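Asks: Starting off with a structure, shown below.
The values are calculated or read from the model by the stated rules, or taken from the named source; none is laboratory data. Model, not experiment: these values are computed from the prediction. Cβ sites come from the backbone with ideal geometry, for glycine too, and all protein chains shown count toward neighbours.
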Amino acid sequence: MTLTIHTLLGFIALTAGAWNLITTKGTRRHRLVGWVYVGSMTGLLLTSFGIVELFGGFGPYHVMSIVSGGALAIAIYFPLRRKRYKNWMVHHYMWIAYSYVGLVMATGSHLFEYGPTGWPFWARAGLYWGVPYIVGSALIFARRDRILGRLQADYSSEGAT
C-alpha cells in the first residue's frame, strides 16, 4: 500500500512540477499548483521512509529523500519570506527547479531494472541520472534570465518586492 501511495504522489508531483515549469510564473494558478507540488512531494518523501525492501532498512535512497526535503524546504522558504530577501525569486527558481530535476532523477531510479537490456550500471546511471541532470541544468540556466527578468519587472511595477 505504501508503494502505491508513493507512486501516486510521485505522479502528481511530476505532473504539477512540469505544469509549473512550462506555464506562466507568479500567477494565482502557479501558486496553487506549486502548493500541490509541495504537498505531493512532502507525501512522496515521507512515504519513501516506509519503503525498506531494497536495503532491508534505511538506505541511500532515504538519504536522498532527506536531501530532497531540504531542497524543497529552501525552495519554499524564499517566497514565504520574500520581503526579507531582495533576490528571493532567483533563489526560489533555482531551488524549486533543481527539486524537480531531482524528482525526475529519482523517478529514473525506479526504472533501473527496466532499462535497456545488457546495459551496464554506469550506462543506466548516465541515462537515468546524468541525462536528466544535464538537460535539466541546461534548461534551468537557459531560461533563468528571461523568466526572472519578466517576473522581476512585473513585481517592480506593482511595487511588491
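Asks: For GLY50, work out the one condition from (1) touching a residue at least 24 places away in the same chain (Cβ under 8 Å); (2) surrounded by 15 or more Cβ atoms within 10 Å (Cβ to Cβ); (3) within 23 Å of ILE12 (Cα to Cα) it doesn't fulfil.
Replies: GLY50 satisfies all of (1) touching a residue at least 24 places away in the same chain (Cβ under 8 Å); (2) surrounded by 15 or more Cβ atoms within 10 Å (Cβ to Cβ); (3) within 23 Å of ILE12 (Cα to Cα) except (2).
Asks: Further question: Failed condition for ILE147, given (1) under 19 Å from LYS25 (Cα atoms); (2) at pLDDT 85 or above; (3) surrounded by 11 or more Cβ atoms within 10 Å (Cβ to Cβ), with all others met?
Replies: Among (1) under 19 Å from LYS25 (Cα atoms); (2) at pLDDT 85 or above; (3) surrounded by 11 or more Cβ atoms within 10 Å (Cβ to Cβ), ILE147 violates only (2).
Asks: Still on this structure: Checking ILE96 against (1) surrounded by fewer than 15 Cβ atoms within 10 Å (Cβ to Cβ); (2) on the phi < 0 side of the Ramachandran plot: exactly one of these is not met. Which one?
Replies: Condition (1) is where ILE96 drops out.
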